[in-house]
Amino acid sequence: MEHGIGFDGSNYGYAPIENSDMVFIPVLESAVIDRYSDIPTLSMIGDVRVIDLPNNRPFDQYPRNVAIRALEYMEEQGVADKMIIGPEYEFYIFDSVQYSTNYYDMYTKIFTPQAGFASGHESNNNGYQLKPGAGYHNSLPTDIRNDLRARMCLAMDEWGINVKYHHPEVGGSGQMEIEVELGDMLKLADDTMAAKYVIKNEAIKDGCTATFMPKPLTGEAGNGMHVHMLLFKKGKPVFYDAKGYAQLSKQAHHFIGGLLTHARSICAITNPSTNSYKRLVPGFEAPVTIGYAMSNRSAVIRIPAYAKTPETKRFELRNPDATCNPYYAYAAILMAGLDGIKNKIDPHKAGWGPYDFNLYDLSDEEKAKLSGLPATLDEALDALEADHDYLTAGGVFPERLLEQLIGRYRKASERISRLPHPVEFAEYYDL
């Protein structure tokens, strides 16, 4: 508990093989009995330390340490002493998933009996299917995962995760959402890791499979992980002003201004997969436009109209998805907002809204005047290379870490971009 548990840091990519000894220091308050292990097992999160004399020191690239440093930087700046967030977990549940990536045999096959495409399936078919996009808040008997979601929520509660509610989401082919109560940023980052673990394992126990993949199905809504956020200082809300637009304070607007200023580069951290950008397209309630508004799900920042009290007044960032590392993502969001407060970036004066209308309905000419999120992972990585000083401020994100992330994501993007796609056979095979 004091000196840590030794491990090989090179196998995590944390250290070179010739100097790879590192230690985990258990975070005792994270301890929980792992319900998915037949042998009684205590599971807990560990902080990574570099071995040093006289005392081991925190490894500055370790995700949890980056999040901790971001919170320390927030306090050093005098802005707030607590960041409260609330992520929303969207995911699909399928009965089966098959895929092949062999060079001679590439395909995906997905099945769930509640999807419209299952209407002709001979077995396990009760005739109750949903059309694409018709899943939102559907009820029994079409909501075939109601009890499974409830078991997921009870298991999350055992893990110390405070669940707010659960329901079927828009995707008619098995999309779900579990939303949690607002809480401390570091605790919610820990909880995000645990929530994904619980949800996937509960699905397996039920004989099915859960995925947080941003866009597993063409023509259906994608899986996002919207992040609500607010700041407190000495117990008082920083973001509330009864006279401000949407009852938000100037600091809240400046925080929004920072997020929108750095929205394109943030995507490389909050949306780090090539599949992420198949979700960020018009028409599926996923944001594509850099802007803010009240109750508008087509803007990247939405201000919930139902949050009216000073202690709940907040906004949400709608572009993130659960392929991100939550510690890096929440830290990057905080750093962008702090940069906005530091430089007093007014989002209205910068031309980012408020957009209190459906941005998808604009004419092409009007849309051309707006700035958009990256359309590909490579675009997001280009933006991060050009715009990351706000992340390295205060030593929060080490420059070396960003270089490694960019390099790793570029390799993945390059590999995937070189693969022939089945649709290309349909388009070009006979030319």
- Cα lying deepest toward the dipole's positive end in the chain, options THR108, HIS348, VAL396, charges on Cβ: HIS348
- Could you go through the range 394-399 in sequence order and give the Karplus-derived ³J(HN,Hα) for each residue, using 6.51 cos²θ - 1.76 cosθ + 1.60 with θ = phi - 60°, rounded to whole Hz, and x for Gly and Pro? x, x, 6, 9, x, 4
- In whole angstrom, how far apart do the alpha carbon centroids of the range 1-50 and the range 130-202 sit? 28 Å
- Task: May I ask you to work out the translational diffusion coefficient for the range 5-59 at 37 °C, viscosity 0.692 mPa s, via Stokes-Einstein with Rh from the Kirkwood sum over Cα pairs, reported in whole µm²/s?
- Result: 262 µm²/s
- Query: Using only the Cα atoms, what convex hull volume per residue in Å³ does the range 261-419 have?
  - Reply: 132 Å³
- Would you mind checking which residues have amide H under 5 Å from PHE315's amide H? H placed 1.01 Å from N; only 5 or more apart, or other chain. MET229
- Query: Treating the beta-carbon of each Lys and Arg as +1 and of each Asp and Glu as -1, no other charges, what is the dipole magnitude of the range 5-59 about its Cα centre, to the nearest 20 debye?
  - Reply: 120 debye
- Message: Test of understanding: express the Cα radius of gyration of the chain as a ratio to 2.2 N^0.38 Å, with N the residue count.
- Response: 1.01
- Message: On a straight-distance basis, which aspartates and glutamates could pair with LYS205 in a cross-link, Cα separation under 18 angstrom, same-chain partners fewer than 8 positions away excluded?
- Response: ASP34, ASP38, ASP95, ASP147, ASP157, GLU158
- Item | Förster radius 60 Å - calculated FRET efficiency between LEU431 and LEU53 (Cβ-Cβ, nearest 0.05) | 0.35
- Mind listing the long-range amide H neighbours of VAL163? Cut-off is under 5 Å, sequence gap 5 or more, other chains count too, H placed in the peptide plane at 1.01 Å from N. GLU181
- Query: If we count other beta carbons within 10 Å of each Cβ, what is the order of ILE25, ILE84, fewest first?
  - Reply: ILE25, ILE84
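From the helices alone, meaning DSSP H stretches of at least four residues, give me the mean residue ellipticity at 222 nm for the chain, per-run term -39500 (n - 2.57), in deg cm²/dmol to the nearest 500.
After summing the helix terms and dividing by the residues of the chain, the value is -9500 deg cm²/dmol.
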- Charge dipole of the chain built from unit charges on the beta carbon (Lys, Arg +1; Asp, Glu -1), centred at mean Cα; most positive-end Cα among LEU280, VAL227, ASN325 is VAL227
- Query: Separation of the range 278-332 and the range 58-90 by C-alpha centroid, Å?
  - Reply: 18 Å
- Item | Farthest toward positive dipole pole in the chain [+1 Lys/Arg, -1 Asp/Glu at C-beta], among THR261, MET176, VAL163 | THR261
- Debye, to nearest 20: dipole size of the chain, +1 on Lys, Arg Cβ, -1 on Asp, Glu Cβ: 940 debye
- Task: Just order 118-126, 49-57 by mean Cβ neighbour count inside 10 Å, highest at the front, would you?
- Result: 49-57, 118-126
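FYI, it's all coordinate maths here, none of it is from the lab. Not measured: the values here are computed from a predicted model. Neighbour counts run over all protein chains shown; Cβ positions are idealised from the backbone, glycine included.
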